[in-house]
Amino acid sequence: MKKHKRRRLRWKAILKIAGAYAAIATVLIILWAMDLDQVTWLTVLLLVMFAVFSYRIDSLEKRESLQLHEDFLKDLYASPIEPKTVTSKGIPKEGWGVSEDDQKTFQDLESFARTINSMLADLPFRLQELAETEIGDLYGPSYGRRYEVYHGRAKVGSLSLRRTRVPKEGETTHVLATADLRYARYMGCESLSSFMNLLAQFLASSPREAESQRAYILSVLLSAVWPEGRMWKNGPDKNSDPSLEFQFDGTATLYREMRPG
């Protein structure tokens, strides 16, 4: 079936090119019959050559874009990557925006990627930790763990973890997780929500808080599919590519209980 489809597309491309050259030849014959002077001939010829060149460039760009899209989809639906062990650069020992709580939280989260990845055997998602630790925000630099999010072998987003506020005496430090996921319309809703629910479950302060995060995740997914309550007249916009942003704030109780060591 695919071979027949490729053959039809190839013949369509050949017919388009043949039609374009036939149209050019027709124009040139008409101009020759009009007995134009040499300067006019040269001007028309240059315009025709420019039109043909522009058409060919546009055709090549579209073909290259389609090939990149096909390659991306192959990576997206391929078997998941095997995350690499990365030596983090660590965070500054001192400086503006850095405290002992930042250092402790950073160390506490050392096994986060390994712990989460061990729970993703049935899902296409994986976390790959990065060596970089600086996380910018509106108030200046902050530091924590940074990860790339993969679906299959395609990078589809990012995740960062950092201390969110100074804990009171005897209180467990809260962790702020910020996730940014792209290409949501290409990923299965069930696997995407399962992945986000897993993150929320490991970062929440309690099972009750994790349950409330499930409702939050569902609302974010719905807002991406149905933005601002708008309806499409002719069905969904196939060119739309919603980007999903999630934030979780909790003491990461389940992670602290399950992390190795």
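Has the range 170-185 got any residue that is modelled with pLDDT of 90 or more, over 23 Å from the mean Cα position of the chain (by Cα) and over 30 Å from D71 (Cβ atoms)? Yes: the range 170-185 contains one or more residues that are modelled with pLDDT of 90 or more, over 23 Å from the mean Cα position of the chain (by Cα) and over 30 Å from D71 (Cβ atoms). Just a yes or no: is a residue in the range 215-235 crowded, with 18+ Cβ neighbours inside 10 Å, part of a helix (DSSP H, G or I) and either among the charged types (D, E, K, R) or modelled with pLDDT of 85 or more (or both)? Yes, there is a match, as at least one residue in the range 215-235 is crowded, with 18+ Cβ neighbours inside 10 Å, part of a helix (DSSP H, G or I) and either among the charged types (D, E, K, R) or modelled with pLDDT of 85 or more (or both).
What number of residues within the range 52-88 satisfy the criterion of being modelled with pLDDT of 85 or more and not hydroxyl-bearing (S, T, Y)?
The number of residues fulfilling the criteria is 9.
Considering only residues in the range 89-144 that are at pLDDT 90 or above and part of a strand (DSSP E or B), the one that is nearest to L192 (Cα to Cα) turns out to be F125. The selection criterion, being surrounded by fewer than 21 Cβ atoms within 10 Å (Cβ to Cβ) and under 18 Å from L176 (Cβ atoms), holds for F106.
The values are calculated or read from the model by the stated rules, or taken from the named source; none is laboratory data. Note that the structure is a prediction, hence the values are computed from the model and not measured. Here the Cβ is made from the backbone with ideal geometry for all residues, glycine too, and neighbour counts use every protein chain on show.
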